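Every number here is computed from the coordinates shown, using simple stated rules; none is lab data. Predicted model, so just to flag it, every value in this text is computed and none were measured. FYI the Cβ positions are ideal-geometry reconstructions off the backbone, even for glycines, and counts take in every protein chain you see.
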Amino acid sequence: MKQLFFKISSFLMAIVVLFSTLSFSIDTHYCGDTMVDTAIFHKVDTCGMEMEKTSTKDCNITIKDCCTDEQISINGQAELKISFDKLTSNQQLFVASFIYSYIDRFEGLEKNVTSYRDYAPPLVFRQIYKLDETYII
C-alpha cells in the first residue's frame, strides 16, 4: 500500500510540475463588440470582414477596421527551485511525521472481516410504515 501511495504522489507531483511550467496563449477575435471565436492552442477563426491594408501614394484615406484581435499570454515558470532547504528542522520533522502517519492510515486488511455474515436478517411480520401511517412523498 505504501508503494502505491508513493507512485500516486510522484504522479501528482509530476502533474503539478508540468502545469506550473506550461505556457500558452488565449486568442480571441472580436467583430465590433461581438466575440466571434476563442482559441487556445490553434489559430483563431475570423469573421471574414477584416479590411485589407492598401497603400497608394496619391490617396491617404484611413478607414477604421471593425475587427480586433486580443491575445492573452500565460507564462509558466522558467526554472524550478527546490525550497526544502529553507525549512527548519522542526518543520522538516513535522512534514516527515505527517507523511508517515498519512501513509499508515491507508493500510488495508488482508481479509475482509464481516461479523454479520452468519446471522439472518429479522423477518418482517407487519409493514411498520403502514401501521404508523408514515409515507415518503
Original post:
Between GLU79 and GLN92, what is the spin-label point distance in nm, taking each point 7 Å from the Cα along the Cα→C-beta axis?
Top reply: 2.3
Subject >> From phi via Karplus (6.51, -1.76, 1.60), per-residue ³J(HN,Hα) for region 112-128 in Hz, x at Gly/Pro >> reply: 6, 9, 10, 7, 9, 5, 8, 10, 8, x, x, 7, 9, 8, 10, 8, 5
Original post:
Tally Lys/Arg at +1 and Asp/Glu at -1 over every other residue whose Cβ is under 10 Å from the Cβ of THR28; what's the total?
Top reply: -4
Original post:
Contour minus end-to-end for TYR30 and VAL17, with contour as 0.36 nm per residue of separation and end-to-end as the Cα-Cα distance?
Top reply: 1.3 nm
**OP:** Taking amide H positions as placed in the peptide plane 1.01 Å from N, state which residues far from VAL36 in sequence (5 or more) or on other chains have amide H under 5 Å from it.
**Re:** HIS29, TYR30, CYS31
